[in-house]
């Protein structure tokens with residue numbers, strides 16, 4: 001029998017597993033203090049913006065890759081205390097339209113498969129899975145479609161948008177080049193950006209122009225919770241086609257993924 005679970009609930013399951021830990025030494029050269037920017041004219045360093053363009057071009061040039069990210073998410077409790085939840089995000093990708101995502105922590109394990117036609121979500125420990133088709137054909141469209149239609153927010157999803165006309169570059173109010181540094185023994189350049197409600201920092205590899213580390217600070221909460229991710233890329237090892245195909249185990253139960261419009265409708269009708 002097929003059970004029903006709201007897409008919002010499944011998205012929460014995905015996000016709850018997306019609570020990884022950043023480790024590995026990161027050394028950043030201390031830059032000279034940047035000049036103060038006028039509140040009426042936030043500084044937008046052309047080099048920092050150009051670095052995003054180079055990163056986008058490098059990401060779009062990848063025909064396939066594997067990515068592992070140790071990440072940590074700070075959760076603010078009702079009394080204002082922050083706790084850190086850790087886990088590992090793993091991607092396997094083949095352009096233009098195949099993707100595997102695993103979100104692993106001590107508490108939860110979730111997997112997402114997209115073979116270019118069907119999107120499959122699986123919880124190996126709970127033995128539940130859901131499948132939908134008819135989603136967009138490219139990965140950039142997929143992450144937006146999954147979020148808007150089913151409330152599924154994939155971690156680091158912006159890496160599928162940089163280098164396209166959907167990159168969130170226009171939302172950036174301030175952009176600074178901080179200076180050089182080292183992440184996992186690799187030479188990087190560090191940048192800092194401001195958007196409404198969010199500050200974020202980015203370390204970009206000098207050799208590949210791929211992102212190596214990301215820190216996002218939410219300004220909407222007085223506790224200023226952060227998300228941190230340290231990224232390790234494998235762009236040489238071939239990713240087999242079998243990585244993107246999901247075959248449900250015999251003991252798994254299929255559940256129905258209901259679109260967000262159905263879940264949030266006040267009158268019970270799909271919006």
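Among the residues examined, residue 199 does not qualify as surrounded by fewer than 20 Cβ atoms within 10 Å (Cβ to Cβ) and outside any strand (DSSP E or B).
Can you pull out every residue in region 203-214 that is free of Cβ contacts under 8 Å to residues at least 40 places away in the same chain and either buried (at least 18 other Cβ atoms within 10 Å of the Cβ) or assigned to a strand (DSSP E or B) (or both)?
Once the filter is applied, which keeps residues that are free of Cβ contacts under 8 Å to residues at least 40 places away in the same chain and either buried (at least 18 other Cβ atoms within 10 Å of the Cβ) or assigned to a strand (DSSP E or B) (or both), region 203-214 yields 205, 212.
Residue-level check: of (1) at pLDDT 95 or above; (2) within 22 Å of residue 209 (Cα to Cα); (3) in contact with a strand residue (DSSP E or B) (Cβ under 6 Å, 6 or more places away or on another chain); (4) surrounded by 13 or more Cβ atoms within 10 Å (Cβ to Cβ), residue 110 misses just (2). The residues listed here are 32, 61; of these, the one that is surrounded by fewer than 16 Cβ atoms within 10 Å (Cβ to Cβ), modelled with pLDDT under 90 and farther than 20 Å from residue 215 by Cα is 32. Evaluation of residue 178 against the conditions (1) in a loop (DSSP other than H, G, I, E, B); (2) closer than 24 Å to residue 230 by Cα shows that the sole unmet condition is (1). For residue 226, the stated conditions hold: it is surrounded by 15 or more Cβ atoms within 10 Å (Cβ to Cβ), in contact (Cβ under 8 Å) with a residue 60 or more places away in the chain and closer than 21 Å to residue 86 by Cβ.
The values are calculated or read from the model by the stated rules, or taken from the named source; none is laboratory data. None of the values given here were measured: they were computed from a predicted structure. Note that we place each Cβ from the backbone using ideal geometry, even for glycine, and neighbour counts take in every protein chain shown.
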